[in-house]
Amino acid sequence: MEVKTNQFGVYTQALQNFSSRKQEPEWMLQLRLDALEKIEALELPVIERVKYNRWPLVVAPQLKAEQPALAAPIAKWVKDDPEAVRVVQTGNQTVVEQLPEHLKEKGVIFTDIFTALQTVPELVQEAYMQQAVKVDENKMTAFHTAFMTSGLFLYVPKNVVVSEPFEAIFIQNSEVTDSFMKHVLVLAETHSQFSYVEKYVTAGNEKNAANIIVEVIAKPGSKVKFSAVDQLGVQTTTYFNRRGHLEKDATIDWAIGVMNEGNVIADFDSDLVGDGSHSEFKAVSISTGSQIQGIDTRVTNYGRHSVGHILQHGVILDRATLTFNGIGHILKGGVGADAQQESRILMLSDKARGDANPILLIDENDVTAGHAASVGRVDPEQMYYLMSRGISKEEAERLVIRGFLGAVISAIPIKASRQELIDTIERKLSHDSE
Amino acid sequence: MADVPEKQEYQYGFHDEVESVYTTGKGLNEDIIRDISGRKEEPQWMLDYRLKAYDHYLKRPMPQWGANLNDIDFDAITYYRKSSERAERSWEDVPEKIKETFERLGVPQAERQYLAGSGAQYESEVVYHNMKEEYEKLGIVFTDTDTALKEYPEIFKEHFGTVVPPTDNKLAALNSSVWSGGTFIYVPKGVKCEVPLQMYFRINDEGMGQFERTLIVVDEGASVHYVEGCTAPTFSASSLHAAIVEIVVKKDAYCRYTTIQNWSDNVYNLVTKRAHAEAGATMEWIDGNLGSKITMKYPSVHLNGPGARGTMLSIAMAGEGQNQDTGAKMIHNAPNTSSSIVSKSIAKDGGEVNYRGQVTFGKNSGGSISHIECDTIIMDDKSKSDTIPFNEIHNSNVSLEHEAKVSKISEEQLYYLMSRGLSEETATEMIVMGFVEPFTKELPMEYAVELNRLISFEMEGSVG
């Protein structure tokens, strides 16, 4: 028998040092070391029709005490607003934490993940890589667990309803070469209600890998509105995993703008574990330049009368590739479940590639499941209508596309974030000639 | 529910005692391939072709992405069995025992009634072939593939293996190395064959492998409709049917290929069917899958010329222990091409129906359109269904629409019918018949009647 040496074994000492500097609980170090051993043997996750095994994704981070602080001023991405409920992280550091007193009093926690590991370790331990995403699902999840170097923890206690949106801004520090290993853990306790908005941007132009896992645990009866604008840079190669774990009668509404500039594989999943749980997933994406964005969106109905809907709209320009895999999976026992999905792609270039693969896996008969997909060009009738009213061709095209992407824009609760997504869309659409 | 009738037995499950004239025995090796080729007195190029394909077959792993094929015992299969000395032109001359089999299946009767020509394949060899004179006069060739290799060597060699190369997949490699029998059709330029040509395939013995090879060439402006049916006896040892069908539809020509697959539930049916459609040509697959243990079949059309059209209309029905893993592929390689896929599936009694599809718009496919519809009814809580379509687009000036639905029998429709005094059973059957009607109405009348009867049998006992 060939004895395989684990090439990640060399990181054991560095991880022990990192964990002790961060004053992590013992179990967290153990979780990291167990995961470290598993990386080598596990396979990369399958994203249908996207070949990415040669992408530089599994690159261990430096594990230094602190990354150098970001040289660029954060004002470019963060508009000062003392009223905002907000956490800002640059690279591995948390630079802003704003949480109003009245929310603290209710027991809301919105802080750096390492702080949470010290102050509320039991809350983190119960959920972190345990319920939504599992450590040994694949190479990327094990790699993430071993090497997570920064993150955010949001906790909303039982019956607490928060009207202000929680806002997280993550600025990847690509002024240095270092992998971006980010974890976001959102815990919505029973019957809590709130909205959360996150944004990912890149400062600097070094080539880096990013590995981001976002877990949302929605306890019975909770309602979470989750929105995100992803704008990682052209030199960043990203593995993105967002996963909702929904218990009885819980709801998560997702609205995600996948607007990165570099290569991305993404896995956006909702596990409808509880009876009557409900997830509405909406994503828009634009691929430009020569980038590849492969997005797997999966809704798995375990619970009776659970409802999972997926809506994905994408636009492709230049020589770019955009792949939408929508997967509706109803498991045995999901009686009365409903899985519906819609994937639409607009092709704006003959050199581009678009894939819309709506997949239904149905193991139960008393269900309703359906999907629709379409790929095509900008609707000539709509163009004709607008142009006949004196609007220029370019402007008409822009209007039609904005309408096409509008489903997600309107679902974002913060006005500034909405505007930012619109601006990002305009920017991505306007440099369509390479 | 009271008095639910028992599901009717598979009516073609009988076995006839027919002595083979020759068999290679179980298992496969290079000598057997040389033996088959030698007995068929084939030219050297065909033997070389077979051996090269065999080489590839050995190297290629079993596909693991679809139905479970790991239980096939390739060493227990008989790869070649001959039951008659030659293909007869007169029904009277077919050996008595074989004739009995086909008479029980209604083949000669079918021919007398409405066909331009018909043929029958028993195990590895075609035993009967007839073409009505009026069509023969038009220059239409309808014969078995072995005869075609001898009598039409040029047109044969020009097209054979050009649509499905031996390296296409493991089962295609196997077929290319041991193929025997199958249909060869050539329709000359501008000739329209008004009534269908029919071929009937029968496996009679246990552990038999049937590897027929069909090649259809429809020359410019010509048209043809070909219908095939398949049955086998019910045995404990599984049989394997691994066919290749290649079709070349030339400029402005038309071809429709209708299959009613009703193998017994111990047959692995692993078939590669593909057509090339040139400019302005139309290729239509009408594909019904009712029988077999496992079917993996994804008929394809490569739309290679401007304005070519491809359609796929299919139904699949899976009962206890059955897995119908079927679908379609439409590859748009030229401008202004169009394709349509309509797939209707029913799963019941623990059966599994899966749809897998691939629609590709190449770089040069400007102005092309595709429409895809997959509907599935899952009759009970033991059955399941996956719908896995891939749509890949490399051109901006195209349009693709895809829709799919999976559900149980509509309660509203049931309620409506039952409130008018129909029993649940009758109502269910009516709904299913309505569900598959887009398919049945495209069949020749006799086949539609037969199919409705089969579905009606299958549905019996499914309510309760």
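Of note:
- Where strands (runs of 3 or more DSSP E) fall wholly inside region B:357-415, the ranges with 2 or more residues that are within 7 Å of chain A (Cβ to nearest Cβ) and crowded, with 19+ Cβ neighbours inside 10 Å are B:384-393, B:399-407.
- For region B:249-269, the condition holds for no residue, the condition being that it is within 19 Å of residue B:387 (Cα to Cα), not in a strand (DSSP E or B) and not polar (S, T, N, Q).
- The C-beta contact set for region A:81-108 (first residue of a type in the set (Phe, Trp, Tyr), second residue loosely packed, with under 12 Cβ neighbours inside 10 Å and assigned to a strand (DSSP E or B), distance under 9 angstrom, 6+ apart or interchain) is empty.
- Residue match in region B:186-198 (condition: of a type in the set (Phe, Trp, Tyr), crowded, with 23+ Cβ neighbours inside 10 Å and at pLDDT below 90): no
- Among the residues listed as A:334, A:308, A:274, A:303, the single one being closer than 17 Å to residue A:251 by Cα, part of a loop (DSSP other than H, G, I, E, B), of a type outside the set (Lys, Arg) and within 14 Å of chain B (Cβ to nearest Cβ): A:334
- Only one entry in B:393, B:409, B:377 is within 15 Å of residue B:434 (Cβ to Cβ) and in contact with a Phe, Trp or Tyr (Cβ under 7 Å, 6 or more places away or on another chain), namely B:377.
- Tally, over region B:155-214, of residues that are of a type in the set (S, T, N, Q) and outside any strand (DSSP E or B): 8
- Among the numbered conditions (1) in a strand (DSSP E or B); (2) touching a Ser or Thr at 6+ places or on another chain (Cβ under 9 Å); (3) under 23 Å from residue A:130 (Cα atoms), the only one that residue A:97 does not meet is (3).
- Residue check, residue A:66 assigned to a loop (DSSP other than H, G, I, E, B) and within 14 Å of chain B (Cβ to nearest Cβ): no
- Conditions (1) within 16 Å of the chain's Cα centre (by Cα); (2) surrounded by 24 or more Cβ atoms within 10 Å (Cβ to Cβ): number failed by residue A:280: (2)
- Here B:19, B:30, B:41 are screened, and the one residue that is more than 26 Å from the chain's Cα centre (by Cα) and at positive phi is B:41.
- Boolean, residue A:249 is touching a strand residue (DSSP E or B) at 6+ places or on another chain (Cβ under 7 Å), of a type in the set (Asp, Glu) and in the same structural domain as residue A:181 (by TED's automatic domain parsing): no
- Boolean, residue B:422 is without any contact (Cβ under 8 Å) to a residue 24 or more places away in the chain and within 14 Å of chain A (Cβ to nearest Cβ): no
- Test: residue A:350 is modelled with pLDDT under 95, in a loop (DSSP other than H, G, I, E, B), within 11 Å of another protein chain (Cβ to nearest Cβ) and under 25 Å from residue B:338 (Cα atoms): yes
- Matching residues, region A:216-244, being over 16 Å from the mean Cα position of the chain (by Cα) and farther than 20 Å from residue A:165 by Cα: A:220, A:234, A:235
- Residues located in region A:1-36, provided they are without any contact (Cβ under 8 Å) to a residue 60 or more places away in the chain, acidic (Asp, Glu) and either surrounded by 15 or more Cβ atoms within 10 Å (Cβ to Cβ) or not in a helix (DSSP H, G or I) (or both): A:2
Here's the yes/no breakdown for (1) more than 7 Å from chain B (Cβ to nearest Cβ); (2) outside any loop (DSSP other than H, G, I, E, B); (3) of a type in the set (Lys, Arg):
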| site | (1), (2), (3) |
| --- | --- |
| A:357 | no, yes, no |
| A:361 | no, yes, no |
| A:365 | no, no, no |
| A:372 | no, yes, no |
| A:375 | no, yes, no |
| A:382 | yes, yes, no |
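- Residue check, residue A:323 within 14 Å of chain B (Cβ to nearest Cβ), at pLDDT 95 or above, in a strand (DSSP E or B) and farther than 27 Å from residue A:401 by Cα: no
- Filter result (out of contact with any Gly (no Cβ under 6 Å at 6 or more places or on another chain), over 19 Å from residue A:306 (Cβ atoms) and buried (at least 24 other Cβ atoms within 10 Å of the Cβ)) within region A:332-351: A:346
- Residue match in region B:403-420 (condition: within 24 Å of the chain's Cα centre (by Cα) and closer than 24 Å to residue A:326 by Cβ): yes
- Residue match in region B:30-44 (condition: loosely packed, with under 13 Cβ neighbours inside 10 Å, modelled with pLDDT of 90 or more and over 16 Å from residue B:125 (Cα atoms)): yes
- Matching residues, region B:214-244, being β-branched (Val, Ile, Thr) and in contact with a Pro (Cβ under 8 Å, 6 or more places away or on another chain): B:227
- Any hit, region B:230-238, residues being over 21 Å from residue B:451 (Cα atoms) and polar (S, T, N, Q): yes
- Failed item in (1) closer than 25 Å to residue B:369 by Cβ; (2) touching a residue at least 60 places away in the same chain (Cβ under 8 Å), with residue A:322 passing the rest: (2)
- Region B:425-435: number of residues that are more than 14 Å from chain A (Cβ to nearest Cβ) and among the hydroxyl-bearing types (Ser, Thr, Tyr): 1
- Evaluating residue B:245 against the criteria (1) surrounded by 21 or more Cβ atoms within 10 Å (Cβ to Cβ); (2) out of contact with any Phe, Trp or Tyr (no Cβ under 9 Å at 6 or more places or on another chain); (3) under 25 Å from residue B:98 (Cβ atoms) leaves one unmet condition, (2).
The values are calculated or read from the model by the stated rules, or taken from the named source; none is laboratory data. Because the structure is a prediction, the values reported are computed rather than measured. All Cβ positions, glycine included, derive from the backbone under ideal geometry; neighbour counts span all protein chains shown.
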